[in-house]
Amino acid sequence: MIAIYSFNLKRLISGRFIDKLFILLPNAFLYFISIFAGNPKTVNIYTRCLYCDGGEQGYRLAAEWNSEAERLVEKTKLFKDQFRDLMGHQFHISTLDWFPIIDFTRNSKNVSTTVTPQDSVDVRMLTAISQTLNFTYEMRVPWDNQWGTSTKTGNWTGIIGELQHHQADFSMVMSWIWGRFQVVDFSRIYASEPIVMIMSKPRPLPQYMALVRPLEGSVWVIVFISSLSAGFILWILQRGWVRISGEKGLSLGTSVLYTWSILFEEPPKRVPKNTSGQMFIGWWWVFCTLITVVYKSSLTSHLSVPGTSRAIDTFEELLKADGWSWGYEPSYGSGWEWFKNNENPTIKKIFEGMEVMEFKEQMDRVLKGQHALITWKYKIKSLIAALYTDNFGYTPIYTAKSEYFNYGGYGWAFRKNAPFLRPINMIKQRLIEAGFVNLWMNDLIGTAAKKARDEKNNEKQVDNSETQTLVQESSGLVVLSLHHLQTVFYILFLGFSIAFVAFAVEYVYHACATRNHAKEMA
């Protein structure tokens with residue numbers, strides 16, 4: 001009699017793996033039952049396998065017991081590693097694009113559409129692993145187009161939700177955060193990416209203030225007070241000398257104008273006759289010479305290379321800046337989870353004022369100014385290099401120096417208790433140790449940026465005249481133009497206007513005085 005015991009894997013809960021040793025127990029039990037039933041000659045023992053039937057679940061002959069020979073003949077290795085060859089099994093992958101780590105093109109506009117992978121770090125890694133383990137895959141986007149955030153019911157949205165409910169086998173790039181560990185398993189980390197802020201570069205300060213910008217406001221106040229004080233002191237010295245000598249001195253107004261004329265490098269020809277006045281004027285002249293030399297050198301640099309407004313590098317500075325807004329893309333991933341659950345008062349205020357918009361709308365507002373986009377470092381670095389950098393290497397985008405949320409890093413997320421996690425992890429570790437991940441990252445950023453610039457060679461990302469001016473100024477070859485000297489002409493126009501008003505007032509006053517005098521004479 002032949003006793004055959006088959007273990008149907010399809011009756012198991014999907015994803016649950018029981019060691020083969022426990023499969024032998026019911027076979028042994030069946031064997032002893034068969035002995036009492038009629039002393040069989042052979043007993044065939046079968047074991048399950050997950051990917052032996054064209055990549056699907058099935059079973060195979062493990063051993064055969066011959067009662068006449070009284071020995072167990074192994075037909076296959078009992079504890080053979082089933083995951084070295086997955087027999088072309090097709091995995092279901094859920095992911096979103098995150099260049100340069102993962103990139104793809106959607107095959108349709110439908111919800112949960114399949115995608116065609118494009119050259120990126122994860123695709124290169126997945127290709128190497130799939131060829132080694134012999135499996136295929138189908139890649140889709142999540143139904144709600146989100147990475148995954150927690151809800152009050154304990155369920156998750158996006159990719160994490162699909163893995164939580166076993167609607168997908170694993171995902172590509174996914175941030176390690178504690179909440180996700182409760183519902184999914186992670187592979188080892190292979191990259192780390194902090195959160196940064198980007199905004200338009202600090203704009204050049206207006207040129208109409210170029211004449212006063214070379215010195216700080218406090219210096220201008222001191223110079224003004226010093227010039228008035230010098231005129232007052234000179235008047236006192238002259239007044240004292242007049243009382244002693246009996247000669248004619250300077251009035252208070254003349255004394256102030258005297259010191260101002262020296263400050264403006266147009267000193268009067270007459271020098272005070274008394275020794276005290278001459279000594280004071282001499283030292284005042286030295287002071288004015290130093291001030292004018294410093295001012296002229298600083299003015300030249302400010303005219304040729306205008307200063308820029310102060311950059312914003314931290315969340316604290318962003319909150320203090322007047323008229324600024326900030327936003328985040330509607331991906332609702334680990335960054336959103338970090339902002340949502342953060343107890344830091346500054347981060348809370350940033351989260352409360354965050355405007356959620358698509359990337360294109362965010363960048364339009366960034367380029368207009370006074371708007372910051374909170375995003376991920378390497379992703380935005382590649383996009384800026386590809387889309388917002390011209391052939392001269394100039395970009396109008398500024399990346400803040402402060403970096404936030406430096407979490408564990410990126411791994412692949414797997415449904416809970418996935419049996420194929422360990423072999424995928426081992427091959428991924430080999431790729432990391434060989435340095436392929438860093439090599440691919442740098443290569444993809446540089447290649448994508450060059451390709452995008454070549455395709456959009458004639459597209460203007462910023463105003464052409466502004467770009468040429470900034471490139472020329474950065475080269476050090478600057479020709480002063482009306483743009484640089486507009487302050488001088490503003491002062492000339494202001495002087496003409498004041499003189500005209502003074503002339504009109506004098507004319508009206510003289511006409512009225514003449515008319516009144518004529519009436520009195522009459």
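One table, with the values for the structure above:
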{"quantity": "Residue in segment 507-516 that is part of a helix (DSSP H, G or I), open to solvent by less than 60 Å² (accessible area, probe 1.4 Å) and either modelled with pLDDT of 70 or more or of a type in the set (A, V, I, L, M) (or both) present", "calculated": "yes"}
{"quantity": "Residues located in segment 407-431, provided they are surrounded by fewer than 17 Cβ atoms within 10 Å (Cβ to Cβ), under 31 Å from the mean Cα position of the chain (by Cα) and at pLDDT below 90", "calculated": "Gly408, Gly409"}
{"quantity": "Members of segment 142-193 that are hydroxyl-bearing (Ser, Thr, Tyr) and more than 24 Å from Trp440 (Cβ to Cβ)", "calculated": "Thr149, Ser150, Thr151, Thr153, Thr157"}
{"quantity": "Any hit, segment 377-396, residues being in contact with a strand residue (DSSP E or B) (Cβ under 8 Å, 6 or more places away or on another chain), farther than 23 Å from Phe181 by Cβ, open to solvent by 60 Å² or more (accessible area, probe 1.4 Å) and among the basic types (Lys, Arg)", "calculated": "yes"}
{"quantity": "Residues of segment 107-128 classified as part of a loop (DSSP other than H, G, I, E, B), closer than 24 Å to Ile445 by Cα and charged (D, E, K, R), total", "calculated": "1"}
{"quantity": "Any chance Glu193 is without any contact (Cβ under 8 Å) to a residue 60 or more places away in the chain and among the acidic types (Asp, Glu)", "calculated": "no"}
{"quantity": "Unmet requirement for Ala418, which otherwise passes all of (1) under 27 Å from Leu163 (Cβ atoms); (2) in a helix (DSSP H, G or I)", "calculated": "(2)"}
{"quantity": "Some residue of segment 332-339 being open to solvent by 30 Å² or more (accessible area, probe 1.4 Å) and among the small types (Gly, Ala, Ser)", "calculated": "no"}
{"quantity": "Test for Val111: is it touching a Phe, Trp or Tyr at 6+ places or on another chain (Cβ under 6 Å) and open to solvent by 60 Å² or more (accessible area, probe 1.4 Å)", "calculated": "yes"}
{"quantity": "Residue in segment 282-303 that is more than 30 Å from Leu205 (Cα to Cα), small (Gly, Ala, Ser) and open to solvent by less than 50 Å² (accessible area, probe 1.4 Å) present", "calculated": "yes"}
{"quantity": "Asp169 vs. criteria farther than 27 Å from Phe359 by Cβ, in contact (Cβ under 8 Å) with a residue 60 or more places away in the chain and of a type in the set (Asp, Glu)", "calculated": "yes"}
{"quantity": "Some residue of segment 74-93 being of a type in the set (S, T, N, Q), at pLDDT below 90 and either within 30 Å of Glu329 (Cα to Cα) or in a strand (DSSP E or B) (or both)", "calculated": "no"}
{"quantity": "Output for segment 129-161, where each listed residue is of a type in the set (Val, Ile, Thr), assigned to a helix (DSSP H, G or I) and open to solvent by 60 Å² or more (accessible area, probe 1.4 Å)", "calculated": "Thr132"}
{"quantity": "Strands (runs of 3 or more DSSP E) lying entirely in segment 162-277 (those with 1 or more residues that are open to solvent by 10 Å² or more (accessible area, probe 1.4 Å), of a type in the set (A, V, I, L, M, F, W, C) and at pLDDT 80 or above)", "calculated": "184-186"}
{"quantity": "The listed residue being small (Gly, Ala, Ser) and either under 19 Å from Pro214 (Cα atoms) or out of contact with any Pro (no Cβ under 7 Å at 6 or more places or on another chain) (or both), out of Ala311, Ala321", "calculated": "Ala321"}
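Every residue, every condition in (1) touching a residue at least 60 places away in the same chain (Cβ under 8 Å); (2) aromatic (Phe, Trp, Tyr); (3) touching a His at 6+ places or on another chain (Cβ under 7 Å), yes or no:
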| residue | (1), (2), (3) |
| --- | --- |
| Gly246 | no, no, no |
| Ser255 | no, no, no |
| Pro272 | no, no, no |
| Gly277 | no, no, no |
| Trp283 | no, yes, no |
| Arg310 | yes, no, no |
| Leu318 | yes, no, no |
| Trp336 | yes, yes, no |
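The values are calculated or read from the model by the stated rules, or taken from the named source; none is laboratory data. Owing to the predicted nature of the structure, the values given are computational and were not obtained by experimental measurement. Glycine gets a Cβ as well: all are built from the backbone with ideal geometry, and neighbour counts include every protein chain shown. The protein model used for the area step is the full one, side chains on, heavy atoms only, and it has no ligands, DNA or RNA in it. Shrake-Rupley method; radii C 1.70, N 1.55, O 1.52, S 1.80 Å.
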